[in-house]
């Protein structure tokens, strides 16, 4: 067997192991990653292998099927990584300049954070909209496919050091006053921690929802999917874009992690509202 033949055989085995592992995850736990982009999935699986000390994907599969702790770690690795508070100053600035003005005209605006990147993303949005005078009449729906992560986010508390690091990013995004004023400081398992103020937390509903299988569940005045669309394979991506179109009110705002192409589902019903940034208004 020459080097090229051996490489091809190795890649074929890796592809087979990937297929079997994703099918096992779906059959055993009900989470469907089979239509995700293979390169994105493989990168996360390789990271999970290194973290778990598994030599092969088959070994990773065996551990996940027989060890609840290994299964939990694998499912977290395949989910959207958590974002830090105000992790992207430019995005937070556009929340102020693009999203907030679009929501003020609606009597009870609803915002969907699809495949939300944890409390870092949800709390950033809540703080920005509170500063912009929108939060008092707003419902934020933050959804994740992983039920364990939903529960963790509902009761989340950030280390005080992480909040301190975010203070300058908050100001750089156009924030007003002290970021600490939006938080309740208390004692956590590992020292001082910060939790978003109760009046703002009540505006956020965390729930389990799969973009792969579930149908539209409400009409929203804004949908933000800022971390997941690039991980989807082409068929799943079009399915999700149609889902967003069915869930977004006319003249509602759509924010994605990649720009729409003319071949994308329902692309003709949107108007770009932020230049080359993937922010759109539904006009059709």
Seminar exercise, completed: Here the averaged projected area of region 16-129, based on the convex hull of its alpha-carbon atoms and given in nm², is 9.0 nm²
For this session: Mind pulling the angle between the C-alpha long axis of helix 38-52 and the longest principal axis of the chain? Nearest 10 degrees, somewhere in 0 to 90.
Result: 80 degrees
Problem set entry | Taking all pairs of distinct alpha-carbon atoms in the chain, Kirkwood radius in angstrom | 20.3 Å
Seminar exercise, completed: Quick numbers on region 150-284, Rg and Dmax over C-alpha atoms in Å, give 18.2, 51
Seminar exercise, completed: Tilt, helix 118-131 to longest principal axis of the chain (alpha-carbon atoms), in degrees rounded to tens, equals 10 degrees
Problem set entry | Calculated P(r) of region 68-122 - Cα pairs past 13 Å, % | 70 percent
Exercise. How long are the three semi-axes of the equivalent ellipsoid for region 3-78, computed from the Cα gyration tensor as the root of 5 times each eigenvalue, in whole Å, largest first?
Worked result: 21, 14, 11
Seminar exercise, completed: Quick shape check on region 105-163: root eigenvalues a ≥ b ≥ c of the Cα gyration tensor, a/c under 1.5 is rounded, otherwise prolate if a/b tops b/c, else oblate, and it reads oblate
For this session: Compute the acute angle (0 to 90°) between the alpha-carbon long axis of helix 68-78 and the principal axis of greatest extent of the alpha-carbon atoms of the chain; round to the nearest 10°.
Result: 70 degrees
Problem set entry | Relative contact order (percent, whole number), the chain, Cα cutoff 8 Å, 6+ residue spacing | 17 percent
Problem set entry | Within the chain, helix-based [θ] at 222 nm, where runs of 4 or more DSSP H residues each add -39,500 (n - 2.57), nearest 500 | -13500 deg cm²/dmol
Seminar exercise, completed: Here the FRET efficiency for residue 56 versus residue 162, based on Cβ atoms and R0 = 30 Å and rounded to 0.05, is 0.25
Problem set entry | Where labels lie 7 Å past Cα in the beta-carbon direction, separation of residue 65 and residue 272 in nm | 4.8 nm
Seminar exercise, completed: Reduced to Cα centres, the span from region 34-97 to region 146-186 in Å works out to 22 Å
Exercise. With N residues in region 60-193, what two-decimal value do you get for its Cα radius of gyration over 2.2 N^0.38 Å?
Worked result: 1.18
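Read-outs throughout are calculated quantities, based only on the coordinates presented, and are distinct from any laboratory measurement. What you see is a predicted model, and the numbers here were worked out from it, not measured in a lab. Heads up, the Cβs are rebuilt from the backbone with ideal geometry, glycines too, and the neighbour counts pull from every protein chain shown.
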